[in-house]
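Read through the structure below, which is laid out as structure tokens, and then see the notes.
The values are calculated or read from the model by the stated rules, or taken from the named source; none is laboratory data. These figures come from a predicted structure and were not determined experimentally. Backbone-built Cβ (ideal geometry, glycine too); neighbour counts: all protein chains shown. Each accessible area value is taken on the protein alone, full model and side chains, heavy atoms only, with ligands, DNA and RNA left out. Shrake-Rupley method; radii C 1.70, N 1.55, O 1.52, S 1.80 Å.
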Amino acid sequence: MSANVASSVPSLQGYVIRGLPIIKQGDDIASLVKSLFDFQDGDVLCLASTIVAKSEGRFRDLESYHPTDRAAAIAQNIGKDPRFVQAVLEESVDVLIDHPFLLVQTRFGHVGVNAGIDQSNVGDARILLLPEDPGRSAKRLRANLGKDCAVIVTDTCGRPFRSGVAGVAIGWAGIAALRDWRGICDLHGKALEITVEAIVDEIAAMANLLMGEAGDGTPAIVFRGLNYPRSGGDSVFMAEEKDVIRPRLRR
Ligand code: GDP
Ligand code: MN
Ligand code: MN
């Protein structure tokens, strides 16, 4: 009986920060969220990349792009505006798939469709690039929170082999990207040999679930009660030399 009572004590709280305005270039997101939520040390703040990008002025006019022949050819093939394809290519260091959609590696290491460039929740004819370096953004936001919190910048992405989109982490600070279970014993005393858990992605997916995708206006989520590893220069972006999928895509 008492074991059941103990197991039903909440171990994690998720808070949807309400009342954020439409974010404009130059807006101080750390100050805005602090004015709406009382942060404690150990909280994990998740922010939709959309608002981080807006605050960093990552809006672009399609007219400013001049498509190369390559962009024009890809655009023709996938039925997109050549200027949009040019924008994607300019944010990319590698094109993994160029048909029936554009899957690229961004300059900061994330692999995503259309380099994560958004046309929804932008508000006018402009496009919105991802933050230039979401890890750097997360670090700056964390420093401005004034508490020992972690910050994760999220984006909604498709996943290979699975239907439906989910949130992933594209930048983080104050939290290790990965939790290494190797060497830890399972229930029967056998040490785990392989398991490295992408905790920033798991948290990002949970945050994305609470944010919504359309007109909810809730791009900031806080988790309290997560016991997470703080340090580590690790990343969820897989190094190309370890990736077994990329070489097969090139064939
Ligand atoms: P993404 O996943 O980073 O591409 O962002 P989404 O476009 O899916 O938006 C995630 C959440 O943030 C949704 O609830 C949107 O309504 C909300 N959102 C997007 N931009 C803004 C903004 O400027 N202000 C506010 N308050 N909410 C926004
Ligand atoms: Mn997005
Ligand atoms: Mn989204």
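Being in contact with a strand residue (DSSP E or B) (Cβ under 9 Å, 6 or more places away or on another chain), part of a loop (DSSP other than H, G, I, E, B) and more than 29 Å from VAL222 (Cα to Cα) holds for only one residue in PHE101, PHE39, and it is PHE101. For the residues VAL93, VAL88, VAL122, VAL111, the requirement of being surrounded by fewer than 21 Cβ atoms within 10 Å (Cβ to Cβ), out of contact with any Ser or Thr (no Cβ under 6 Å at 6 or more places or on another chain), under 29 Å from GLY217 (Cβ atoms) and not assigned by TED's automatic domain parsing to the domain that holds ARG159 singles out VAL122. The set of residues in the range 124-151 that are in a loop (DSSP other than H, G, I, E, B) and within 22 Å of CYS46 (Cβ to Cβ) comprises LEU129, LEU130, PRO131, GLU132, ASP133, GLY146, LYS147, ASP148, CYS149.
Residue pairs whose Cβ atoms lie under 9 Å apart, sitting 6 or more positions apart in sequence or on different chains, and linking a residue in the range 140-156 that is open to solvent by less than 70 Å² (accessible area, probe 1.4 Å) to a partner that is hydroxyl-bearing (Ser, Thr, Tyr) and more than 16 Å from ligand 3 (Cβ to nearest atom), are ALA150/TYR228; VAL151/SER137; VAL153/SER137. Of all the criteria given as (1) touching a strand residue (DSSP E or B) at 6+ places or on another chain (Cβ under 7 Å); (2) surrounded by 10 or more Cβ atoms within 10 Å (Cβ to Cβ), the one not satisfied by MET238 is (1).
Looking across the range 96-108, the residues that are surrounded by fewer than 21 Cβ atoms within 10 Å (Cβ to Cβ) and in contact (Cβ under 8 Å) with a residue 12 or more places away in the chain come down to LEU96, ILE97, ASP98, HIS99, PRO100, PHE101, GLN105, ARG107, PHE108.
The set of residues in the range 224-251 being among the aliphatic types (A, V, I, L, M) and part of a loop (DSSP other than H, G, I, E, B) consists of LEU226, VAL236, MET238, ALA239, VAL244. Here ILE17, ILE22 are screened, and the one residue that is within 27 Å of PHE223 (Cα to Cα), in contact with a Gly (Cβ under 8 Å, 6 or more places away or on another chain) and within 16 Å of ligand 3 (Cβ to nearest atom) is ILE22. Applying the set (1) part of a helix (DSSP H, G or I); (2) over 19 Å from ARG18 (Cα atoms) to GLY167 leaves exactly one unmet item: (1). Here ILE221, ILE203, ILE175 are screened, and the one residue that is open to solvent by less than 80 Å² (accessible area, probe 1.4 Å), closer than 20 Å to GLY14 by Cβ and part of a loop (DSSP other than H, G, I, E, B) is ILE175.
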